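**Q** My questions all concern the structure below.
Every read-out reported here was derived from the displayed coordinates using simple, explicitly stated rules and does not represent laboratory data. Treat the numbers as computed from the prediction; the structure is a model and nothing was measured. Reconstructed Cβ throughout: ideal geometry from the backbone, glycine too, with neighbour counts over all protein chains shown.
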Amino acid sequence: MTEKRIHQYELTFKYLKNNKGEIMDKTPIFLPFQNYDDIYKIIEILNEKNLFKDASQTNQFVLGLKLFGDVMMKNKDLELFSEMRPAFMDFMKKLKSK
């Protein structure tokens, strides 16, 4: 059996301004993570399908979904995810069928 290769990414999260328009001087969060999927390819495919009116929402959607989904799958035995996991799996099947 061949081992599936993983893609390596790093996400930088920087707080620019608060809700009053004040510039925030917070240390950026650098989040290295791995994923079996080519996230850039997923974004490209969903952009072609025009799922959202704003292309930046596609980026937010895919990144949020991949990060959340991976954490949930790595912690699938936690009671926290017991009700959400089946609904998430149904949602992913629906998304992939489009």
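**Q** For the stretch 34-59, name all the residues that are polar (S, T, N, Q), surrounded by fewer than 12 Cβ atoms within 10 Å (Cβ to Cβ) and under 16 Å from M92 (Cα atoms).
**A** Hits for the stretch 34-59: nothing passes.
**Q** Could you tell me whether the stretch 68-76 includes any residue that is within 19 Å of E10 (Cα to Cα) and of a type in the set (D, E)?
**A** Yes - at least one qualifying residue is present in the stretch 68-76.
**Q** Quick check on Y15: is it in contact with a Pro (Cβ under 9 Å, 6 or more places away or on another chain) and either surrounded by 10 or more Cβ atoms within 10 Å (Cβ to Cβ) or over 24 Å from K94 (Cα atoms) (or both)?
**A** Yes, satisfied.
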